[in-house]
Amino acid sequence: MKIPYYQVDAFTDRLFGGNPAGVCPLETWPPDQTLLAIASENAKPGNAFFAPATGEADFDLRVFTPTQEVSISGHTTLSAAFVLFTALGFAGDTVTFDGQSGHLRVSRQSDLLVLDFPALPAEADGPLESVAAALGNPPQSLFTGLDWMAVFAHEDDIRALAPDMAAIAALDCRGLMATAPGGDCDFVSRFFAPGAGLPEDQVTGSAHCMMTPYWARRLGKPRLEARQLSARGGTLICEDHGARVTIGGNAVLYAQGTIEV
């Protein structure tokens, strides 16, 4: 089987920035073990596989890290839409995907690609002591959900974190985000998911499904500029819509070729 392959840097307007993703358009679905093997071989934080939809969306979408399938991933969904719009000639300004997290939409809006994702709920009062030990510094507060969100006072607190990856992997969550008010943007973050094969993710769109409602309420503004303070870095334009959030960013193509399996 020959599968087209694209590598995209998402949530950035420059090569070697943002979060890299592998994108594979499919005509039919190979076995799950083949999808996971491709994702492992690609060794990218996220790998998007899409095929013609069986339902009302344009495409069915599945996302894998190098070690497992995940229910939601912002940068891989953005990358899949980027490939459809720029390389595969998809007509129109909005493409829809059906995935494990439901109906997802990506639109071209001016110079941005904008994800329409479900907001992720967050419960207050998580185990602060465990997270303080895992991050090397106690947060002001902790919220739990699909991921956990540790809130700090200052951007410098986020930059200075020295996480214990084994301790984070032992927490009862997919990943742990640390966030604080930003100096020249509304909020900043870092994201750690060693249990999913991502010790520190570069730019995590899905984490902003939890952070956007929190910061929108706290700052009293629905539209926010966010930065992820990873080594490669990334910028996201986020907006709170109640049960949904929109997350906008750029993307650039790094490579394309063919996978033979």
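Please treat every number below as a calculation from the coordinates, not as lab data. These figures come from a predicted structure and were not determined experimentally. Glycine gets a Cβ as well: all are built from the backbone with ideal geometry, and neighbour counts include every protein chain shown.
Would you check if Ala160 is of a type in the set (A, V, I, L, M, F, W, C), within 19 Å of Glu200 (Cβ to Cβ) and touching a helix residue (DSSP H, G or I) at 6+ places or on another chain (Cβ under 9 Å)?
No, not satisfied.
Just one of (1) among the charged types (D, E, K, R); (2) in contact with a Lys or Arg (Cβ under 8 Å, 6 or more places away or on another chain); (3) in a helix (DSSP H, G or I) trips up Glu200, so point out which.
(3)
Ala231 - would you say it is of a type in the set (Gly, Ala, Ser) and part of a loop (DSSP other than H, G, I, E, B)?
In short, yes.
So, in segment 50-75, of the ones that are in a strand (DSSP E or B) and touching a Pro at 6+ places or on another chain (Cβ under 8 Å), which residue ends up surrounded by the most Cβ atoms within 10 Å (Cβ to Cβ)? It would help to see each step written out before you state the result.
Our first condition is that a residue be in a strand (DSSP E or B); within segment 50-75, this holds for 50-52, 59-64, 69-70.
Retained after the next criterion (residues that are touching a Pro at 6+ places or on another chain (Cβ under 8 Å)): 50-51, 59-60.
Values: Phe50: 26, Ala51: 16, Phe59: 23, Asp60: 17.
If we take residues in segment 50-75 being in a strand (DSSP E or B) and touching a Pro at 6+ places or on another chain (Cβ under 8 Å), then Phe50 is surrounded by the most Cβ atoms within 10 Å (Cβ to Cβ).
Looking only at segment 190-229, which residues are hydroxyl-bearing (Ser, Thr, Tyr) and surrounded by fewer than 24 Cβ atoms within 10 Å (Cβ to Cβ)? Show your work before the answer.
Residues of segment 190-229 hydroxyl-bearing (Ser, Thr, Tyr): 204, 206, 212, 214.
If the condition is that a residue be hydroxyl-bearing (Ser, Thr, Tyr) and surrounded by fewer than 24 Cβ atoms within 10 Å (Cβ to Cβ), then Tyr214 is the only one that fits.
Which residues, counting only those in segment 170-197, are among the charged types (D, E, K, R) and outside any loop (DSSP other than H, G, I, E, B)?
Arg190, the sole residue that qualifies.
Please state which one of Val114, Val63, Val83 is free of Cβ contacts under 8 Å to residues at least 40 places away in the same chain, among the aliphatic types (A, V, I, L, M) and closer than 26 Å to Phe16 by Cα.
One residue alone meets the criteria, Val63.
I'd like the full set of residues that are free of Cβ contacts under 8 Å to residues at least 24 places away in the same chain and not in a strand (DSSP E or B), limited to segment 206-228. Full working, then the answer.
Here is the first cut: in segment 206-228, the residues free of Cβ contacts under 8 Å to residues at least 24 places away in the same chain are 217-218, 220, 222-223.
Arg217, Arg218, Gly220, Pro222, listed by residue number.
Return the only residue of Pro31, Pro45, Pro4 being more than 16 Å from Thr258 (Cα to Cα) and surrounded by fewer than 24 Cβ atoms within 10 Å (Cβ to Cβ).
After applying the criteria, what remains is Pro31.
Which residue, of Leu128, Leu112, is more than 21 Å from the chain's Cα centre (by Cα), farther than 19 Å from Thr65 by Cα and either hydrophobic (A, V, I, L, M, F, W, C) or crowded, with 18+ Cβ neighbours inside 10 Å (or both)?
Working: Leu112 fails: more than 21 Å from the chain's Cα centre (by Cα).
Exactly one residue qualifies, and that residue is Leu128.
May I ask you to list the residues in segment 1-35 that are more than 18 Å from the chain's Cα centre (by Cα) and either aromatic (Phe, Trp, Tyr) or part of a strand (DSSP E or B) (or both)?
The answer is Lys2, Ile3, Pro4, Tyr5, Pro25, Trp29.
Please verify whether Phe90 is crowded, with 19+ Cβ neighbours inside 10 Å and aromatic (Phe, Trp, Tyr), treating the condition exactly as stated. Walk me through how you get there before you give the answer.
Working: crowded, with 19+ Cβ neighbours inside 10 Å: no; aromatic (Phe, Trp, Tyr): yes.
So Phe90 fails the test.
Within segment 228-240, is there a residue that is in contact with a Pro (Cβ under 8 Å, 6 or more places away or on another chain) and more than 28 Å from Leu26 (Cβ to Cβ)?
yes
Residue under question is Arg105, and the condition is that it be among the basic types (Lys, Arg), under 22 Å from Leu120 (Cα atoms) and surrounded by fewer than 23 Cβ atoms within 10 Å (Cβ to Cβ); does it hold?
yes
Hey, among the residues in segment 240-261 that are polar (S, T, N, Q) and surrounded by 16 or more Cβ atoms within 10 Å (Cβ to Cβ), which one's farthest from His75 (Cα to Cα)?
Here the residue is Thr246.
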